[in-house]
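Visitor: Just passing along the structure, written as structure tokens.
The values are calculated or read from the model by the stated rules, or taken from the named source; none is laboratory data. All values derive from a computational prediction rather than experimental measurement. Backbone-built Cβ (ideal geometry, glycine too); neighbour counts: all protein chains shown.
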Protein chains: 4
Amino acid sequence: MDELEIDAVAEADLDEPVLVEGLPGVGHVGKLAVDHLLEELEGESTLVRRIYSREFPPQVSVEDGVADLTCAEIYAVSPPDGRDLLLLTGDHQAQTNAGHYVLTSAFLDVAEEFGASEVYALGGVPTGELIEEYAVVGAVSEASLREPLEDAGVEFRENEPAGGIVGVSGLLLGLGERRGFEAACLMGETSGYLVDPKSARAVLEVLETTLAFELDYESLDERADEMEDVIGKIQEMEQQQQGMDVPTDDDLRYIG
Amino acid sequence: MDELEIDAVAEADLDEPVLVEGLPGVGHVGKLAVDHLLEELEGESTLVRRIYSREFPPQVSVEDGVADLTCAEIYAVSPPDGRDLLLLTGDHQAQTNAGHYVLTSAFLDVAEEFGASEVYALGGVPTGELIEEYAVVGAVSEASLREPLEDAGVEFRENEPAGGIVGVSGLLLGLGERRGFEAACLMGETSGYLVDPKSARAVLEVLETTLAFELDYESLDERADEMEDVIGKIQEMEQQQQGMDVPTDDDLRYIG
Amino acid sequence: MDELEIDAVAEADLDEPVLVEGLPGVGHVGKLAVDHLLEELEGESTLVRRIYSREFPPQVSVEDGVADLTCAEIYAVSPPDGRDLLLLTGDHQAQTNAGHYVLTSAFLDVAEEFGASEVYALGGVPTGELIEEYAVVGAVSEASLREPLEDAGVEFRENEPAGGIVGVSGLLLGLGERRGFEAACLMGETSGYLVDPKSARAVLEVLETTLAFELDYESLDERADEMEDVIGKIQEMEQQQQGMDVPTDDDLRYIG
Amino acid sequence: MDELEIDAVAEADLDEPVLVEGLPGVGHVGKLAVDHLLEELEGESTLVRRIYSREFPPQVSVEDGVADLTCAEIYAVSPPDGRDLLLLTGDHQAQTNAGHYVLTSAFLDVAEEFGASEVYALGGVPTGELIEEYAVVGAVSEASLREPLEDAGVEFRENEPAGGIVGVSGLLLGLGERRGFEAACLMGETSGYLVDPKSARAVLEVLETTLAFELDYESLDERADEMEDVIGKIQEMEQQQQGMDVPTDDDLRYIG
């Protein structure tokens, strides 16, 4: 196998589609959002490309005994209303620094092939505490993209995210800009400790406005309710621990 | 030395052989199984290929003062009954993620060269506790391969192994499928803490059925008895520790 | 994206310029020094090259919501007095050992392109304690470069720095010498625990002498005063802790 | 800089020389031995090759302020008595697994260029305790090389070294054998905690016999006496600690 292999599973005729990326990351916000889009737009979507790479972990996933080699998948979607989409999803990020550059370049190649010149990278930004109001923080490849996103409720903050944006989401902006894409990263605020469907909904609501489509959130809200139960139990435990030791980093492991 | 060098030690004329892989892994189940096959079929087997690679550790093993460079070995076997085999064994896995892709591709190249289109990857699946009944869990490269394996007693479970299959065993399915191989992974249940000859026997008994040969298990059973003694001593120690601290991860280090 | 991409942002006609490097490192001394040079010589400086590489972290920085892909930047400067300069700055070092070789080679390529044959690598040398008198320790690519630097107050010590010089600063000397550059590394003494503007000033004062220009230090001194306040508070805390536990390595984390 | 650059510093006309390798490793035994050879045979030795590589740490060493890029050096030696030699020394091993393969291949290229077909890799084998009688353990690339080494006092043991031989020393046997070299590794027993000149002498005494030259050991013995003093102090401390806590791994850090 070469460093990178792109399988053309099917073709699709799209009209100036927008690439929307949702690989795993903080709070699984980006992945939850894109997977929800795929679920809701199932009737209008076609798997068009699979991207295999030595930069992914050397691993198959197994479902009902049938193995699938780790890859990223790109779906072509022509929703009844709103813009055409290319949805990028997968179970893994690259395993090396250089690998993020290799994979992001491949994703942009596919986007270009289908005529896309706009990119949304979806993700989460960790706040370290449970969220009441889910703000969506933005970053853009060029300043002119800020205003329409601010109109859709996205917040641009002076020094956030403080450490920059790492991985495919960051490079879609950085490499995208170098190749002439208009790219934005939408990051839902999230505690960072939990898989966060509410944060994913906040991000999707921005997309509804900017891409002019409408979504049903029933299944995502159900998942959010399940997480609420988990949060309720954690808060109960925290109250019982008051006056006791403060939780260590180990207590705050990822739950989802 | 190049990234990969395949030495043609000998040639062999095989009839649609099956590649059977047994590199080190959980419980050393795969390696024990293939090494037992090699021992039992010694008269009918020929070392045909050695695969050297920079992806292996930079290391020689030493026996009676004579050094051997780390490599994987493939033996051609024509058993008196049953299918022709290509047995893949070795002392090491690749040392990087990308290395697993490189080595698995090389193994499939050799398999193809000898006319093989079927692969069995042998290994163990950790249960975290000592095993009474040794089930064999399966995963396959395509759904049609499930039924004959189920008939041979292999279990296919909805969400197992939960983390997928990592390393050469996983990639033999994943890369194999992409190259047109029919590939199955047979994973003997094993505690994960001990070298497990009983689990290796359970896996081999499946192969006896599917590949129509017969094996003697005396030497493997002897090794299993030795491990039983080790297990007995561990259980004794555990009973003495009742009411004491539970064992930590460090207490459960690999014993073999 | 290739392993390395050098963007020609602008051209400049320089007269035997000197490359001055200030990437992040011990006490941020080199970066502080070059960034101060850039600030003071802003009117005479032009950004000429951006160097992008897979060897940098896969990351964008974000300022006011606008993302910038990690890169190193080289500015051409023609100061009213003194030598022409090429100033090399950036926010990151390479992420792998081999990456330091790749990036340093690229920096020397650019220097050569602009006609430079001399290099100053600026950095800090950690002493482990707070500094009263800021000495500047030197290392050179060939012995004949020592005397003029000694005349400018640089100290050359028998066995310092004991562990050699690691990263781009070291390789500018090592690879530079192999390509015919005259290269010197100027290392300001610094505690190693704090961002150290005073050490940066000590290094710049050497450059003033050797490159015959004059600098205003007001903004750097202001930053030094801020750090003095931080140091004062740390010393206060230390006095309160006398008779208590000695600080561990963890107490001495980088502050800046 | 390329992945590997070999500088031809000088040429030498050697008669079937033997490559003797002494890079840093356990107890610095190999490096001490080859550096002592170089010191004793200084009048008859010429630096012929420097090997630079991205696989070495990105680092310069500094002596009296003058920087030298990390490299390995090969000296040609024509001693008054005994065989011609190629002495390989340096301050660093490769930094990655694949790097050990790259560098060892380069060393064998140089050896071949000078007409060598025999290799001695020198090193130490850790025993975990202080040594009274310094045995030298051997490993060879082919069984026929054992007998002459046994006659020179080298011990060949059934299962030692248990973990094989890692790094350049191991690969000189493994890759050397594949390229037609006769290669032996001589490993002086050493505690593993101390730089061990006595172990280096034991190894050199074997070479005196097999390569038919004579060495003066005054300077090496002086260094051994210094280490004896260190050992004496450690043993004193150990006696004072009797009845106290056993030393942890951290107490047994490398001293030299």
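Visitor: Going by the structure shown, is B:T127 more than 27 Å from A:F56 (Cβ to Cβ) and surrounded by fewer than 20 Cβ atoms within 10 Å (Cβ to Cβ)? Give the derivation first.
Guide: Numbers: more than 27 Å from A:F56 (Cβ to Cβ): yes; surrounded by fewer than 20 Cβ atoms within 10 Å (Cβ to Cβ): yes.
So B:T127 passes the test.
Visitor: Checking the condition within 18 Å of D:A184 (Cα to Cα) and not acidic (D, E), which residue from D:V62, D:V66, D:V34, D:V77 passes?
Guide: D:V34
Visitor: Something else: Quick one: what pairs do we get from segment A:43-58, first residue within 16 Å of B:A94 (Cβ to Cβ), second among the aromatic types (F, W, Y), C-beta under 8 Å, 6+ apart or different chains?
Guide: Short answer, once both residue conditions are applied: A:R54/B:Y101; A:P58/B:Y101.
Visitor: Further question on the same structure: Does B:V29 count as surrounded by 24 or more Cβ atoms within 10 Å (Cβ to Cβ) and under 18 Å from the mean Cα position of the chain (by Cα)?
Guide: On the way: surrounded by 24 or more Cβ atoms within 10 Å (Cβ to Cβ): yes; under 18 Å from the mean Cα position of the chain (by Cα): yes.
Answer is yes for this residue.
Visitor: Could you pull out the residue among D:V206, D:V110, D:V119 that is within 22 Å of D:L47 (Cα to Cα) and surrounded by fewer than 24 Cβ atoms within 10 Å (Cβ to Cβ)?
Guide: Details: D:V206 fails: within 22 Å of D:L47 (Cα to Cα); D:V119 fails: surrounded by fewer than 24 Cβ atoms within 10 Å (Cβ to Cβ).
After ruling out the rest, the residue left standing is D:V110.
Visitor: Which condition from (1) surrounded by 14 or more Cβ atoms within 10 Å (Cβ to Cβ); (2) more than 17 Å from the chain's Cα centre (by Cα); (3) modelled with pLDDT of 95 or more is the one that B:E160 breaks?
Guide: Condition not satisfied by B:E160: (3).
For (1) of a type in the set (G, A, S); (2) at pLDDT below 95; (3) crowded, with 19+ Cβ neighbours inside 10 Å, each residue gets a yes or a no:
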{"position": "D:V34", "(1), (2), (3)": "no, no, yes"}
{"position": "D:L37", "(1), (2), (3)": "no, no, yes"}
{"position": "D:L41", "(1), (2), (3)": "no, yes, yes"}
{"position": "D:E44", "(1), (2), (3)": "no, yes, no"}
{"position": "D:R49", "(1), (2), (3)": "no, no, yes"}
{"position": "D:F56", "(1), (2), (3)": "no, no, yes"}
{"position": "D:D64", "(1), (2), (3)": "no, yes, no"}
{"position": "D:A72", "(1), (2), (3)": "yes, no, yes"}
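Visitor: Run down B:V206, B:V168, B:V154 and say which single residue is of a type in the set (A, V, I, L, M), within 9 Å of another protein chain (Cβ to nearest Cβ) and closer than 17 Å to B:E133 by Cβ. Steps first, please.
Guide: Working: B:V206 fails: within 9 Å of another protein chain (Cβ to nearest Cβ); B:V168 fails: closer than 17 Å to B:E133 by Cβ.
Among B:V206, B:V168, B:V154, only B:V154 is of a type in the set (A, V, I, L, M), within 9 Å of another protein chain (Cβ to nearest Cβ) and closer than 17 Å to B:E133 by Cβ.
Visitor: Restricting to segment D:4-26, what's the tally of residues that are among the charged types (D, E, K, R) and crowded, with 24+ Cβ neighbours inside 10 Å?
Guide: 1
Visitor: Of the residues A:L145, A:L186, only one is within 17 Å of A:R201 (Cβ to Cβ), touching a strand residue (DSSP E or B) at 6+ places or on another chain (Cβ under 6 Å) and within 12 Å of chain C (Cβ to nearest Cβ); which?
Guide: Working: A:L145 fails: within 17 Å of A:R201 (Cβ to Cβ).
Residue meeting the stated conditions: A:L186.
Visitor: Being at pLDDT 95 or above, surrounded by fewer than 17 Cβ atoms within 10 Å (Cβ to Cβ) and on the phi > 0 side of the Ramachandran plot narrows it down to one residue among B:G180, B:G243; which is it?
Guide: Working: B:G243 fails: at pLDDT 95 or above.
Being at pLDDT 95 or above, surrounded by fewer than 17 Cβ atoms within 10 Å (Cβ to Cβ) and on the phi > 0 side of the Ramachandran plot holds for just one of B:G180, B:G243, which is B:G180.
Visitor: Among helices (runs of 4 or more DSSP H) lying entirely in segment D:143-249, which contain 2 or more residues that are over 19 Å from D:L37 (Cα atoms) and small (G, A, S)?
Guide: Numbers: elements: D:146-151, D:168-178, D:197-211, D:218-240.
Once the helices (runs of 4 or more DSSP H) in segment D:143-249 are filtered for at least 2 residues that are over 19 Å from D:L37 (Cα atoms) and small (G, A, S), what remains is D:168-178.
Visitor: Which condition breaks for A:E133 when tested against (1) away from every other protein chain (no Cβ under 14 Å); (2) surrounded by 17 or more Cβ atoms within 10 Å (Cβ to Cβ); (3) at pLDDT below 95?
Guide: Against the list (1) away from every other protein chain (no Cβ under 14 Å); (2) surrounded by 17 or more Cβ atoms within 10 Å (Cβ to Cβ); (3) at pLDDT below 95, A:E133 comes up short only on (2).
Visitor: Based on what the data block shows, is A:G138 touching a His at 6+ places or on another chain (Cβ under 9 Å), surrounded by 13 or more Cβ atoms within 10 Å (Cβ to Cβ) and either at the interface with chain C (Cβ under 8 Å from one of its Cβ atoms) or in a strand (DSSP E or B) (or both)?
Guide: For A:G138, the condition - touching a His at 6+ places or on another chain (Cβ under 9 Å), surrounded by 13 or more Cβ atoms within 10 Å (Cβ to Cβ) and either at the interface with chain C (Cβ under 8 Å from one of its Cβ atoms) or in a strand (DSSP E or B) (or both) - is not met.
Visitor: Taking segment C:39-57 only, how many residues are closer than 25 Å to C:G99 by Cβ and in contact with a Phe, Trp or Tyr (Cβ under 6 Å, 6 or more places away or on another chain)?
Guide: Of the residues in segment C:39-57, the ones closer than 25 Å to C:G99 by Cβ are C:47-57.
After this cut, where a residue has to be in contact with a Phe, Trp or Tyr (Cβ under 6 Å, 6 or more places away or on another chain) as well, the list is C:47, C:54.
Number satisfying all stated conditions: 2.
Visitor: Please go through segment A:55-77 and pick out each residue that is over 22 Å from the mean Cα position of the chain (by Cα) and closer than 19 Å to B:L149 by Cα. Break it down stepwise before answering.
Guide: Let us first name the residues in segment A:55-77 that are over 22 Å from the mean Cα position of the chain (by Cα), namely A:58, A:62-67.
Scanning segment A:55-77 gives A:V62, A:E63, A:D64, A:G65, A:V66, A:A67.
Visitor: How many residues, within segment A:84-97, are surrounded by fewer than 19 Cβ atoms within 10 Å (Cβ to Cβ) and either charged (D, E, K, R) or more than 18 Å from the chain's Cα centre (by Cα) (or both)?
Guide: 2
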